[in-house]
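The block underneath contains the structure these notes are about, expressed in structure tokens.
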Amino acid sequence: MDEQHRAARRQGRTTQTWRRFLHELAEACGVEVDQAERAAGYALEVLESRLLKEESEDLNGQLPMGLG
């Protein structure tokens, strides 16, 4: 398996985990998934603003593409 294929699989798993998180968050808060996604995005923005640059880059590396 080449590196490009591994990266695609890793991204797929990350995206799947993010979607599961959003559904659980939406259910826990009693809101729609799109509202949960916006709330999570805002929370991540605030968190990122309080992190050191290197920590922020590490966080972004763990998030699905397009979200980081």
*For P(r) over Cα pairs in 5 Å bins from 0, in percent, the choices are (i) 3, 17, 20, 21, 18, 13, 6, 2, 0; (ii) 3, 13, 23, 21, 17, 11, 7, 4, 1; (iii) 3, 14, 18, 17, 16, 16, 11, 4, 0; which was calculated from the structure?*
(i)
_For region 54-61, Karplus couplings with θ = phi - 60° (6.51, -1.76, 1.60), whole Hz, Gly/Pro x_ = 5, 5, 5, 5, 4, 4, 4, x
*If contacts are Cα pairs under 8 angstrom and at least 6 residues apart, what is the relative contact order of the chain in percent?*
33 percent
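Any read-out appearing in this document is the output of simple, stated calculations on the displayed coordinates, not a laboratory observation. Just so you know, these numbers come straight off a predicted model, no measurement behind them.
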